[in-house]
Structures are given as C-alpha cells and as structure tokens.
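Chemist: Submitted below is the structure of interest, expressed as structure tokens.
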Amino acid sequence: MLPSQRALFEIPRQICYLNAAGFSPLPIRTLEAGRAAVLRKGAPWSLEASFANQQHERARVAAARLINAEASDIALISSISYGVATAAKILTIARGSRVIVLENDHSSPVLEWHTRAEAEGFTVETVRQPGDGDWTSAVLESIARSGPPVSLASISSVHWSDGGLIDIDKVGAALRQHGAAFLIDATHGVGVLAMDVKRLDPDFVLFPTYKWLLGPYGRAFLYVAKRHQGGIPLEQTQSGRRNVRADNAVYFTDISYIGDARRFDMGERDHFISMEMASIGMEMMADWGTAAVVQRLTMLTERIEAGVRGIAGVHVPEPHLRAPHILSLAFEGGMPAGLVEGLANEGVYVAPRLGRMRISPHVYNDEADVDRFVEVLARRLRG
C-alpha cells in the first residue's frame, strides 16, 4: 500500500487536516517552486522567450496524463465556471429539449444553463437528491424519462457536499443512446478516481488543481472532445490564432484559429508563478497512480467509518454509494451547533456541508490522524 506522504508536506504533527475537498495543502516541492517563481517574476529579463510555452505544455501534458487524453485536447483555464461557459458557447442546446443537472450540485455546472434556458428555449431538469443516496440510479431515471429529449447532462462525477458517487460510465452510455452530450465536472474525481476519456468519450471534462491535485488556486483544465474543437472560444486571444505574433512584420498575419483545444486557452495564461506549481502536483498524483491513491484513501475512510459507527446518532452512507475518498456524516436531529468549530479548536479540520460533516483525507494523512478525529468527535458529542 502507498504509505502516508506526510513527509512531503509541511504539516505539524498536532494538525489533523481532513479537508482536501476544500483546499489541499501544497507539497514542499510546490512551495519551493512558487517561491522561486515569485523571484523569477521579479526579474523578467531573465526569462527566455520559450519559457512561457514550456510551462503551458508541461501543465497540459500533466493534465492530459490524468485522464488518458492527448495534450492537444486540453485547454488551460482559470476555473470550472470558465470551462462550463466555454462549453456553453460551443454547444447548441436544442429548443424544447432539457439539460440535466444535480440538486445541490456545485454552482459551476448548473448556473450557466439556468442563465441560458429561457432565451434559448430549453429547460433545466434538476435530479433530486435521492433519499437512498443512489445518485446513479436517479440520473439514469431522469435520462430515460419520457417527455422532452435530453440534450445535455452537466453534472459532477462526485457530489461535492456528501461524496455521492455517480457512475459516469453508465450515465455516459445512457446519454449516447439519446444522442445527448455529457459535461463532467470532475473536481472531486480526477487524480483519485481513474478516468479514461478515450474509452468514456465525454464531450467535456473539467477539473481544478487546488483540491485533490495538490496545486494552487486559479489553475484548471478543460478537456474538449475532438468533435467540438472547431468551436468559437470564450475569449478571442492571440494565442488561439495561427499566426498573430508581436515579432512578425505584420501582427495579424493569420487570424484563423489553431486546430485543437489550445484555441480555448484563457487569456493572460502566462502565469509564471502558479503554472509550474500546478504541474508539480498533477505529476505527483500521476506518478502515485489512481489505484494506489484509492487504496490508501479507502483504508482511511473505512477506518473512520468503523470508528464512528459505534457513536450514537451518527449515520454513514453505504460504501458503494460514495466516493472512496470522501465521507459524509449525518446526525440525528442535525449536526450539533459549534461541532466543526470545536474540532478545529483541537486542531482537527473537517467541513460542514449542507447540514452534514464532510471528511476528506488525502495522501498526507495517516492512521493517527483518523484515529484522533474519531476520538475527538466522540468526546465532543458526549460532552
């Protein structure tokens, strides 16, 4: 089993940080790269002309490696919402059709479609949070429902609030039968859960680096299937055109778009500081591999689950309905006021999410962390 990687991070022993689904800490290597990059930006005359492109392509290759894509299928973006807006500009949602989203999903894969629905003549159908926790069956039922045809499902692969797991293979197959597109917000999946876009064939996949990919805020990536790479980008940039260069004799030498997903790169993409930081975290995750990461995080969440099952009034979702790296605890009568804050006062960090407690360990956590969480939680609830 992959051992705890705590030594690669600056995490004091007294800190029990179980909130990777919120923000992950940065590895020491990434911190060092960031410090060096700040100094580099302070002396821009030291940068070679090829430096920015080298950083772009390193990050693009690292992102592609995580989902078995080609680097040319990856666009450099700033956020999930940016990527969804890009997809919305590319796609044509048929009038009279419907777009499927999840209840209480994160705002990014949801609000863009609500904004467009009235003007473009389609409806947004919200799949209600199932009482039994089976998101996959609920989504499949929505796709199969008679009525207006489905044009698109724009959903997270793992529900951010409770770790509810959606079987994207089954959902993707169902959507293909209806001729519908599939946009996956893989914020809580990529890097931990295996994804192969060549086999799955989604239309768009989006993921940031600041959570499970151990990277900085403000760096994200958009996979665009080749069938959509002829679309118009969200922004009109020099980098998206074939030959618009400041060192040409004629600036607008060729304003036709480049032929792959690079045309969808955001403007001001030369992030000298954070682009390399993002690459390091993604490369570390890819080197460990999803199988090893899942095995370790499953061990940690199962250890927590076993520990809290003996605490009266605490309910845990069934393992087959949740992601292996996120555990959501529900409490009879609701989560006690001040519980999360009380844990933090003892150096144990989790997150309140929609009336439940979300626990999300990562590779820097160890058995001592999760045992301490169980002990402090039990004591606080007894008190």
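Chemist: Go through (1) more than 23 Å from the chain's Cα centre (by Cα); (2) closer than 29 Å to Ile184 by Cβ; (3) not in a helix (DSSP H, G or I) and name the single condition Arg116 misses.
Modeler: Looking at each condition in turn, Arg116 falls short on (3).
Chemist: Same structure, new question: Which of the residues spanning segment 52-88 are of a type in the set (Val, Ile, Thr) and assigned to a strand (DSSP E or B)?
Modeler: Let us first name the residues in segment 52-88 that are of a type in the set (Val, Ile, Thr), namely 61, 67, 74, 77, 80, 84, 86.
Listed by number, the residues that qualify are Ile74, Ile77.
Chemist: Something else: It is to be established whether one or more residues within segment 89-99 are part of a helix (DSSP H, G or I), modelled with pLDDT of 95 or more and farther than 18 Å from Ala278 by Cα.
Modeler: Yes, because at least one residue in segment 89-99 is part of a helix (DSSP H, G or I), modelled with pLDDT of 95 or more and farther than 18 Å from Ala278 by Cα.
Chemist: Is there a residue being part of a helix (DSSP H, G or I) and not assigned by TED's automatic domain parsing to the domain that holds Gly215 anywhere in segment 15-28?
Modeler: So in segment 15-28, the residues part of a helix (DSSP H, G or I) come out as 28.
Add one more test, that the residue is not assigned by TED's automatic domain parsing to the domain that holds Gly215, and what stays is 28.
Yes, segment 15-28 has at least one match.
Chemist: Does segment 67-90 contain at least one residue that is touching a residue at least 40 places away in the same chain (Cβ under 8 Å), among the charged types (D, E, K, R), in contact with a strand residue (DSSP E or B) (Cβ under 9 Å, 6 or more places away or on another chain) and closer than 25 Å to His325 by Cα?
Modeler: Scanning segment 67-90 turns up no residue that is touching a residue at least 40 places away in the same chain (Cβ under 8 Å), among the charged types (D, E, K, R), in contact with a strand residue (DSSP E or B) (Cβ under 9 Å, 6 or more places away or on another chain) and closer than 25 Å to His325 by Cα.
Chemist: Out of the residues in segment 280-317 meeting the condition of being assigned to a loop (DSSP other than H, G, I, E, B) and of a type in the set (A, V, I, L, M, F, W, C), tell me which one is surrounded by the fewest Cβ atoms within 10 Å (Cβ to Cβ).
Modeler: So the first thing to find is which residues in segment 280-317 are assigned to a loop (DSSP other than H, G, I, E, B), and the list is 289, 309-313, 316-317.
From what is left, the residues that are of a type in the set (A, V, I, L, M, F, W, C) are 311-312, 316.
Values: Ile311: 16, Ala312: 8, Val316: 17.
Here the residue is Ala312.
Chemist: Something else: Would it be correct to say that His320 is part of a loop (DSSP other than H, G, I, E, B) and either within 13 Å of Tyr17 (Cα to Cα) or not aromatic (Phe, Trp, Tyr) (or both)? Before the answer, list the steps.
Modeler: Working: part of a loop (DSSP other than H, G, I, E, B): no; either within 13 Å of Tyr17 (Cα to Cα) or not aromatic (Phe, Trp, Tyr) (or both): yes.
Answer is no for this residue.
Chemist: On to the next question. Right, Ser137: within 20 Å of the chain's Cα centre (by Cα) and free of Cβ contacts under 8 Å to residues at least 40 places away in the same chain or not?
Modeler: No, not satisfied.
Chemist: Somewhere in segment 153-162, is a residue crowded, with 21+ Cβ neighbours inside 10 Å, assigned to a loop (DSSP other than H, G, I, E, B) and more than 14 Å from the chain's Cα centre (by Cα)?
Modeler: yes
Chemist: For segment 239-279, how many residues meet the condition of being part of a loop (DSSP other than H, G, I, E, B) and either among the basic types (Lys, Arg) or over 28 Å from Leu66 (Cα atoms) (or both)? Write out each step before concluding.
Modeler: Step one: of segment 239-279, the residues part of a loop (DSSP other than H, G, I, E, B) are 239-240, 245-251, 258-260, 265-273.
Now restrict to residues that are either among the basic types (Lys, Arg) or over 28 Å from Leu66 (Cα atoms) (or both): 245-251, 269.
Residues flagged as part of a loop (DSSP other than H, G, I, E, B) and either among the basic types (Lys, Arg) or over 28 Å from Leu66 (Cα atoms) (or both) within segment 239-279 amount to 8.
Chemist: I would also like to ask the following. Could you check Ala37 against (1) in the same structural domain as Glu268 (by TED's automatic domain parsing); (2) surrounded by fewer than 14 Cβ atoms within 10 Å (Cβ to Cβ) and say which number it fails?
Modeler: Condition not satisfied by Ala37: (2).
Chemist: If only one of Thr123, Thr136 is hydroxyl-bearing (Ser, Thr, Tyr), farther than 19 Å from Asp185 by Cα and either assigned by TED's automatic domain parsing to the domain that holds Lys198 or modelled with pLDDT of 95 or more (or both), which one is it?
Modeler: Values: Thr136 fails: farther than 19 Å from Asp185 by Cα.
Just a single option satisfies the conditions, and that option is Thr123.
Let's see how each residue does on (1) free of Cβ contacts under 8 Å to residues at least 60 places away in the same chain; (2) of a type in the set (S, T, N, Q):
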| residue | (1), (2) |
| --- | --- |
| Gly259 | yes, no |
| Met277 | no, no |
| Glu283 | no, no |
| Gln295 | no, yes |
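Chemist: Looking at this structure, is Ala337 outside any loop (DSSP other than H, G, I, E, B), aliphatic (A, V, I, L, M), more than 30 Å from Ile80 (Cα to Cα) and not assigned by TED's automatic domain parsing to the domain that holds Asp162?
Modeler: On the way: outside any loop (DSSP other than H, G, I, E, B): no; aliphatic (A, V, I, L, M): yes; more than 30 Å from Ile80 (Cα to Cα): yes; not assigned by TED's automatic domain parsing to the domain that holds Asp162: yes.
Here the answer is no, as Ala337 does not meet what is asked.
Chemist: A further question on this structure: Which one of the conditions (1) surrounded by fewer than 17 Cβ atoms within 10 Å (Cβ to Cβ); (2) in contact with a Ser or Thr (Cβ under 8 Å, 6 or more places away or on another chain); (3) not β-branched (Val, Ile, Thr) does Ser81 fail to meet, given that it meets all the rest?
Modeler: Result: Ser81 fails condition (1) only.
The values are calculated or read from the model by the stated rules, or taken from the named source; none is laboratory data. Nothing here was measured: the structure is a model prediction, and the numbers come from that model. Quick reminder, even Gly has a Cβ in these numbers, built from the backbone with ideal geometry, and neighbours come from all protein chains shown.
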